[in-house]
């Protein structure tokens, strides 16, 4: 087997001219003897090593150029500067070509930079202020999204026994009103923490001190708080110190221990937490009884953070946790629930477990789209450069004839393509900024909002690296051509001809572009169809003109007084002029929901199948069903008499749940056991239509309704329907709620339809991004195909001219051009359909109501690509018809 | 004139190759006898220096298919080079004489 030609070309580029012939000869001789003695691979490796070492030695010794010794590195630099100058001059002389090629690369590199920015903001950046963000881990006790926790005594047992971890802490999330003095309260997110939370995360205080493990014990004072720097600035201003001061949280005086430094906003990206309180603060803030915090019924330690011992394998640490939980479960009859837990360690605090899989999946999808687009851009620019080097064959031949070395010409090609890539990179920054505009402030699921495009070091490094790679890819084909340059043939015919291997290469590049574009367009079409289907989903609930107002309510009053307050509040809202209807609910439709338990008997409550289905439990006031247009299909909905201070004995089921429980929907009068923590016996008074959740609308979501106010909640939501989003009526509602809840800030109302739009935002943004990339791809493929066909026509101009002269009709010539274009388009479409199938499998989880092999998307996308290909051929076809044989012959 | 470490090795390799040779066999000889893989670039830098000192002379030789049709640069040891090598080697021999037993003993102790 011979020595790879590419290796020889690379070696001849690297090794200085002075001894190149002898060194290359020696290297090849050594290659031959090594290959005979030890085989081809060691011989190739020795050749490469020898060539690289020779190049470095000679260049550093200053033997790169005539004149001999010293300053080799300087000479090396000046050599490349000269190449750069020549490349710049060559591009400067053809600005249209340079702008077209750089613009093409800019689309690819800019899209890449935009997606990289998203990835950087979503997962790559370390969690602000958490020094242990890389080494710490999330410990989940059940599948992401399913609540699975430990009681306080069992969590303590786990903490004490898990020696694989340096530290362990649990945290929960709550929203609270915080105020300083008489100032208007601010609504903030609060972490309720237990254990050495700040030590596990490696957070340092910027003032005062942080909560320690002993501060979070139940016997310590619950009236202490650590605040974020942001909240400190909002409450105290940037100059006043906060530590030791008193703030009021839901009316309770809390002492500020210190301020978490480094911009720390909690252990989960995207949930901007502003305050951290000890576990015991649940008693005053949320009205929990102290017994409940330690009771065996209350397995609330579900969000756990751990700091593993240095060097410990995550799997081994996870196995240790499983072992400890098994021990706890076996030793204590009350801990049988522990055996149902399935602990899993998620190393690194990049993305919380719940969002990890879906975020990575979306980023993977976008990365693939960008790789496709960059490949299309590189293929396009390589094609343009090939086109140009063909046009410059005559000039190159003259250079070679005057003794310009082949390696130098190769190198110049590469430098020229680097120049283009650099220019493309700079222009790409603008493209990235434009792509990111609609993403600014938008969120993908629970992840943090995008900040828009910023020129920070990671993004600049990415685009520089991507430009470098693109430069190599674009320049490889023209450099390869220069390496195989046949001086004799070129001098015989200085006129460009698209022949043999070169023609095939250009055709192959065009086929690749069309294939990748088709895949992108199919992906975009599938997501657009998904979005369309999601918009048309009948959820069973009407949300038009319904706004939601949220407010904190006191927890330290007795249930009867709370019930009266709720009634009074709802009465005031309903009585406000312009209000067409109102109801109370804890969360409302399409938002967070309580999971309840329901069974036809007390013993069937633990039915695994029902629990896995995640039955929604809604606590609603009379009027809720009328407000949201949920009519009964059997029986009735709640009446005023059903809403009482004590737990009620009635329930309304959705049709799908009635079907699941009883196998029929006419179940009024039947008895079920239903509720949240403690289900009670209830009589079914009515069945309403199905409810479909917007996030997974493929199947109806089982749900049941109980009268409002069964458990005291620290907050409530008022849903108000006005005529045509009447802003005046909403302001009046807000003022009347505020007047009834002194000291409570009621945020601006949010329309439920906005929540729905937010839920669809993810698909909309992804679809928009894929469409933008597809449009770029279509544009580039069109240009690429135009280049190939245009060149084909140029090289066959004489033939076309003669045919026309001999009487061939125009349709015959058009047929010749059309057949060439059709061959390329069909080959591209064939490969593209396969690539599209692979891409649609990657985005399968994002699709709704659309098959991976959706005919409309595939046929539509293919038609679009064929139309663009057709348009790209129009100008070359016209040129073919105008071919003049005399002019063509004269050129030869 | 003093000889560098690699210069001595290269000169000895040329002597072992019959007094004249080109890059590839010199590299192979050095690898075979000392285990040192000297790249052609480094070798030509050394040979260039030796030629400057008048220890070797060079000329362009013929081409060969095994070299991809490229010509070779042949180096021959000159009397001045032979004398320098001889004198350096004699000095080394003087320096080393009588140390063998001691070296053997020390090497034995260490092992």
Subject >> Peptide B:28-41, shielding by other chains (average Cβ, 10 Å cutoff) >> reply: 5
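What is the projected area of the convex hull of the Cα atoms of segment A:150-289, averaged over all directions, in nm²?
8.4 nm²
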Subject >> Additional length obtainable on full extension of the chain from residue A:557 to residue A:574, 0.36 nm per residue less Cα span >> reply: 3.7 nm
Subject >> For segment A:745-835, the spread of Cα positions along each principal axis, largest first, Å >> reply: 88, 26, 19
Subject >> segment A:267-283 versus segment A:1-56: alpha-carbon centroid distance in Å >> reply: 64 Å
Original post:
Where the eigenvalues come from the Cα gyration tensor of segment A:321-446, what are the semi-axes √(5λ) of the equivalent ellipsoid, largest first, in whole Å?
Top reply: 60, 20, 11
Original post:
Using the Cα gyration tensor of segment A:613-654, with a ≥ b ≥ c the square roots of its eigenvalues, what is the shape: rounded (a/c below 1.5), prolate (a/b larger than b/c) or oblate (neither)?
Top reply: oblate
Original post:
Hey, got the average number of other protein chain Cβ atoms within 10 angstrom for residues in A:12-24?
Top reply: 4
**OP:** With a point put 7 Å past each Cα toward its Cβ, work out how far residue A:472 is from residue A:449 in nm, to one decimal.
**Re:** 4.0 nm
**OP:** Taking chain A as the reference, fit the longest principal axis to its C-alpha atoms, fit the long axis of helix A:752-795 to the helix C-alpha atoms, and give the angle between the two in degrees, 0 to 90, nearest 10.
**Re:** 10 degrees
**OP:** Measure off 7 Å from each Cα along the Cα-to-Cβ vector at residue A:886 and residue B:66, then give the distance between these two points in nanometres to one decimal.
**Re:** 6.4 nm
**OP:** Sticking to Cα atoms, compute the Rg of chain B to one decimal and its Dmax as the biggest Cα-Cα distance, whole number, in Å.
**Re:** 16.7, 54
Original post:
Just how many % of Cα pairs in segment A:229-327 lie over 15 Å apart, if you round to the nearest whole percent?
Top reply: 75 percent
Subject >> Stokes-Einstein D for segment A:771-811, Kirkwood Rh over Cα pairs, 37 °C, 0.692 mPa s (µm²/s) >> reply: 270 µm²/s
Original post:
With the radius of gyration and the Kirkwood radius both derived from the Cα set of the protein assembly as shown, what is their ratio Rg to Rh?
Top reply: 1.10
Subject >> Extension gain, residue A:367 back to residue A:80 (0.36 nm per residue minus Cα-Cα distance, nm) >> reply: 100.0 nm
Original post:
In which sequence would A:14, A:410, A:378 go, from the one with the fewest C-beta neighbours within 10 Å to the one with the most?
Top reply: A:14, A:410, A:378
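If you count, for every residue in A:697-705, the Cβ atoms of partner chains within 10 Å of its Cβ, what is the mean? Walk me through the intermediate numbers first.
Working: counts 0, 0, 0, 0, 0, 0, 0, 0, 0.
The per-residue average across the peptide is 0.
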**OP:** Over chain B, calculate the relative contact order: mean separation of alpha carbon pairs under 8 Å at least 6 apart, over the residue count, as a percent.
**Re:** 27 percent
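If packing is taken as the mean number of other Cβ atoms within 10 Å per residue, what is the order of B:81-94, A:180-193, highest first?
Result, highest mean Cβ count within 10 Å first: A:180-193, B:81-94.
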Subject >> Mean Cα-pair separation over length for chain A, i.e. relative contact order, pairs under 8 Å, 6 or more apart, % >> reply: 14 percent
Original post:
Summing -39500 (n - 2.57) over the DSSP H runs of n ≥ 4 in chain B and dividing by its residue number, what mean residue ellipticity at 222 nm do you reach, to the nearest 500 deg cm²/dmol?
Top reply: -19000 deg cm²/dmol
Original post:
Based on the Cβ-Cβ distance of residue B:89 and residue A:7, what FRET efficiency does E = 1/(1 + (r/R0)^6) give at R0 = 30 Å, to the nearest 0.05?
Top reply: 0.15
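If r is the Cβ-Cβ distance from residue A:823 to residue A:879 and R0 is 30 Å, what FRET efficiency results, to the nearest 0.05?
0.95
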Subject >> Spin-label model distance (nm) - residue A:336 vs residue A:294, 7 Å beyond Cα toward Cβ >> reply: 2.5 nm
Original post:
With springs only between Cα atoms under 10 Å, which of B:33, B:45, B:99 fluctuates most in a Gaussian network model of chain B?
Top reply: B:99
**OP:** State the antiparallel share, in %, of DSSP beta bridges confined to chain A, rounding to the nearest 5.
**Re:** 75 percent
**OP:** List the extent of the Cα atoms of segment A:779-874 along each of their three principal axes, largest first, rounded to whole Å.
**Re:** 59, 20, 18
Original post:
Of the listed peptides A:530-540, A:18-28, A:758-768, what is their order by residue-averaged count of other C-beta atoms within 10 Å, with the highest listed first?
Top reply: A:18-28, A:758-768, A:530-540
**OP:** Quick one: work out Rg over Rh on the C-alpha atoms of segment A:9-62, Rh as Kirkwood radius.
**Re:** 1.00
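Taking 8 Å as the Cα distance limit and 6 or more residues as the minimum spacing, I'd like the relative contact order of segment A:667-819 as a percentage.
Contact order relative to length: 10 percent.
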**OP:** Place the peptides A:421-427, A:571-577, A:380-386, A:96-102 in order of packing, highest mean first, counting for every residue the other Cβ atoms within 10 Å and averaging per peptide.
**Re:** A:380-386, A:421-427, A:96-102, A:571-577
**OP:** Grab the Cα-Cα distance for residue A:461 and residue A:92, subtract it from 0.36 nm times how many residues apart they are, and report the gain in nm with one decimal.
**Re:** 130.2 nm
Original post:
Okay, which of segment A:246-268 sit inside 16 Å, backbone N to the point 7 Å along the Cα-Cβ direction of residue A:356?
Top reply: A:267-268
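How many times 2.2 N^0.38 Å is the alpha carbon radius of gyration of segment A:413-484?
That ratio works out to 1.46.
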Original post:
Going from the alpha-carbon gyration tensor of segment A:296-355, what semi-axes, largest first and in whole Å, does one get by taking the root of 5 times each eigenvalue?
Top reply: 23, 15, 9
**OP:** Please determine, in degrees from 0 to 90 and to the nearest 10, the orientation of helix A:559-574 with respect to the longest principal axis defined by the Cα atoms of chain A, where the helix direction is its Cα long axis.
**Re:** 60 degrees
Subject >> Nearest 10 degrees, 0 to 90: helix A:810-842 Cα axis against chain A principal axis >> reply: 40 degrees
Subject >> Förster radius 41 Å - calculated FRET efficiency between residue B:102 and residue B:82 (Cβ-Cβ, nearest 0.05) >> reply: 0.85
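Only the coordinates and a few stated rules stand behind these numbers; no lab work does. Values in this document were obtained by computation on a predicted structure and should not be read as measured data. With ideal geometry, Cβ positions are generated from the backbone for all residues, glycine too; neighbour counts draw on all protein chains shown.
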